[in-house]
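Accompanying notes for the structure given below.
The values are calculated or read from the model by the stated rules, or taken from the named source; none is laboratory data. Keep in mind the model is a prediction, meaning the values are calculated, not measured. Cβ sites come from the backbone with ideal geometry, for glycine too, and all protein chains shown count toward neighbours.
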Amino acid sequence: MNEIIEVLPTLLRSFGTTLELALLSTIASLLVGTVVAIMRVAPIPPLRWAGTAYVHFVRNTPITIIFFIIVFGLPQVGVIFSFFWFAVLVLTLYTGTFVAETVRAGIQAIPAGQIEAARSIGLSFTQVIRYVVLPQALRNVVPPLATVLIALLKNTSVASAFGVAEAINSMTNLVNVHSTVVLGIMGATGFAYISLALLLGRAFAWLERTVAIVR
Amino acid sequence: MTTANLFDQPGPKAARRITLFTIGAVVLIAIVVAYAVMELAARGQFDAARWSPLTNPKLILFLLQGLLNTLGAAAVSLVLALVMGIGLAIGRLSDVRFVRGPCVVIVELARAAPVLLSMLFLFLAFPLAFHIDLSAFWTVVLALTLYNGAAIAEIVRAGVLTLPSGQQEAAYAIGLRWWPTMRLVLLPQALRVMLPGLIGQLIVLIKDSALGFIVGYQELAAQAQSAALLFNNPLQTYVVVGLVFVLLNSALSWVSTYVSGRQVGADSRDQAITTVGLEPEAAAALRALDVERRMGR
């Protein structure tokens, strides 16, 4: 029991790193994903192609391999960040593809009449997207986006193998030192992840009810 | 324009503007690519010495062995996850609360925990706390099974729940009990609907099996890591291995689209939404939006 109390501060601190990683990557991947989704419905073919290529290649590659390419490949060409920022970059690139497809599904589900109406009152493509399409599309896809972002939270664990001292990383280190309380340490880490994931699920359900358009 | 209902046939002015933006975008992309290529070349990333190891037959065999291990772990996990998933789905649909409750808890917990955590639990806690030494293969397979079994349980349950309620009522009306109704009427129909979802889950399995290198399983990512260390060509090795995964998963994702009954190419390729690799509910939600869109046409 004493040993559990001894390791608790380390566990909490590292879980803080996990949260930081998840939060930064969430914001960045929502931005990247939305931009790519817009690129993929834009009237300019090269933007569509670029968006399609990004989504196709990155989502079909395991996140582990993307970590390998970024963490060990980029320094070869002189691009060097800390492991933490490399991890944010990888998680953003990877999750961005899922966000992009989700948002695009939301955009395409907007009835054609809405867009025709917006066009006929003289809005440009960007205005149609900004004022008519996105506000509805994003509301439509809150539930699937929630699962994408919960998956992101779980994927931060992969960063443990690439030098980031997040929850799984310090769990592994602690288990090696305090081998008598293995189950306690792992149980606490698992509990933290599971309760956070379930909590996020609830939070998004609330968000969905709050932003839903009552017709 | 095939692509969207987002913009109408451009008039002469808009057409000129689109051409202008297209040229601008091409130039911008070309500049970025050219800069990347120059930078890569300046740092010797195109040197034959870095690429030639990848044409070495021995290395190719070594990587193929890794690919085989990846596919092996994914295939065994798929079979086990199917068994677990169907079992849990049936349990969760049961009328008996004492069966349903535990199944709900197992599914929710298994889906909320990161796969890597389960893998490390099997890898570290089993030998230390229970004195059970699992081989690297089984560590990977069981961890993948736990998560994907729960995911498949949700796919199966959703498949059964989308069937019209008349199916179950009709089965009860002709005197079938709960289990024969499930086995003879509901499950066979649900399983057919969920085939594309299952292939999608196989892609998730193949991608997640690349975590195996952390517990010392010699799958493709692990072999790539050894090779890249040996020849000091990380960028080249990992990019090539990444492309192998892309090729494999695109093929599977094409099969998944094909068996979903939607002819590939019937929809403009630009518009089809790929749900592969998403969590089951997200994929289902996107498919529902997609159906709505088609109906709306």
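Which of the following residues is modelled with pLDDT under 90 and of a type in the set (K, R): A:R40, A:R13, A:R48? Steps first, please.
Numbers: A:R40 fails: modelled with pLDDT under 90; A:R48 fails: modelled with pLDDT under 90.
None of the other options fit; the residue is A:R13.
Of the conditions (1) more than 28 Å from A:I194 (Cβ to Cβ); (2) at pLDDT below 90; (3) surrounded by 15 or more Cβ atoms within 10 Å (Cβ to Cβ), B:L176 fails just one. Which one is it?
(2)
Restricting attention to region B:192-215, which residues are more than 9 Å from the chain's Cα centre (by Cα) and under 23 Å from B:L229 (Cβ atoms)?
B:S209, B:A210, B:L211, B:G212, B:F213, B:I214, B:V215
If only one of B:A150, B:A125, B:A136 is touching a helix residue (DSSP H, G or I) at 6+ places or on another chain (Cβ under 7 Å), under 25 Å from B:R183 (Cβ atoms) and not hydroxyl-bearing (S, T, Y), which one is it?
Numbers: B:A125 fails: under 25 Å from B:R183 (Cβ atoms); B:A136 fails: under 25 Å from B:R183 (Cβ atoms).
Only one candidate qualifies: B:A150.
For B:V141, all conditions in the list (1) surrounded by fewer than 23 Cβ atoms within 10 Å (Cβ to Cβ); (2) among the aliphatic types (A, V, I, L, M); (3) touching a Ser or Thr at 6+ places or on another chain (Cβ under 9 Å) hold save one; what is the number of the exception?
Failing condition for B:V141: (1).
Quick one: would you say A:F162 is among the aromatic types (F, W, Y) and within 11 Å of chain B (Cβ to nearest Cβ)? Don't jump to the end; show me each part of the working.
Values: among the aromatic types (F, W, Y): yes; within 11 Å of chain B (Cβ to nearest Cβ): yes.
Against the criterion (among the aromatic types (F, W, Y) and within 11 Å of chain B (Cβ to nearest Cβ)), A:F162 qualifies.
Going through region A:71-106 one residue at a time, which ones are among the hydrophobic types (A, V, I, L, M, F, W, C) and farther than 30 Å from B:A285 by Cβ? Let's see the steps before the verdict.
Taking region A:71-106 as the starting set, the residues that turn out to be among the hydrophobic types (A, V, I, L, M, F, W, C) are A:71-72, A:74, A:77, A:79-81, A:83-91, A:93, A:98-100, A:103, A:105.
Selection gives A:V71, A:F72, A:L74, A:V77, A:V79, A:I80, A:F81, A:F83, A:F84, A:W85, A:F86.
Answer yes or no: is there a residue in region B:21-33 that is among the β-branched types (V, I, T), loosely packed, with under 12 Cβ neighbours inside 10 Å and under 30 Å from B:N249 (Cα atoms).
So in region B:21-33, the residues among the β-branched types (V, I, T) come out as B:22-23, B:26-27, B:29, B:31-33.
Imposing the further condition that a residue be loosely packed, with under 12 Cβ neighbours inside 10 Å reduces the set to B:27, B:31-33.
Adding the requirement that they be under 30 Å from B:N249 (Cα atoms) leaves B:32-33.
Yes; the residues of region B:21-33 include at least one that is among the β-branched types (V, I, T), loosely packed, with under 12 Cβ neighbours inside 10 Å and under 30 Å from B:N249 (Cα atoms).
Among A:F98, A:F67, A:F83, which is the only one that is of a type outside the set (A, V, I, L, M), more than 7 Å from chain B (Cβ to nearest Cβ) and surrounded by 20 or more Cβ atoms within 10 Å (Cβ to Cβ)?
Working: A:F98 fails: more than 7 Å from chain B (Cβ to nearest Cβ); A:F83 fails: surrounded by 20 or more Cβ atoms within 10 Å (Cβ to Cβ).
The match here is A:F67.
Please go through region A:16-48 and pick out each residue that is at the interface with chain B (Cβ under 9 Å from one of its Cβ atoms) and either of a type in the set (D, E, K, R) or assigned to a helix (DSSP H, G or I) (or both). Break it down stepwise before answering.
So in region A:16-48, the residues at the interface with chain B (Cβ under 9 Å from one of its Cβ atoms) come out as A:40-48.
Listed by number, the residues that qualify are A:R40, A:V41, A:P45, A:P46, A:L47, A:R48.
Quick one: is B:G91 surrounded by 22 or more Cβ atoms within 10 Å (Cβ to Cβ) and either more than 11 Å from chain A (Cβ to nearest Cβ) or within 21 Å of B:A284 (Cβ to Cβ) (or both)?
Answer is no for this residue.
Among the numbered conditions (1) closer than 30 Å to B:L229 by Cβ; (2) modelled with pLDDT under 90; (3) more than 32 Å from the chain's Cα centre (by Cα), tell me where B:I18 comes up short.
It is condition (1) that B:I18 fails.
So which helices (runs of 4 or more DSSP H) stay within region B:50-168 end to end and still have 2 or more residues that are in contact (Cβ under 8 Å) with a residue 60 or more places away in the chain and small (G, A, S)?
On the way: elements: B:57-93, B:97-112, B:115-120, B:136-161.
Qualifying helices (runs of 4 or more DSSP H): B:57-93, B:136-161.
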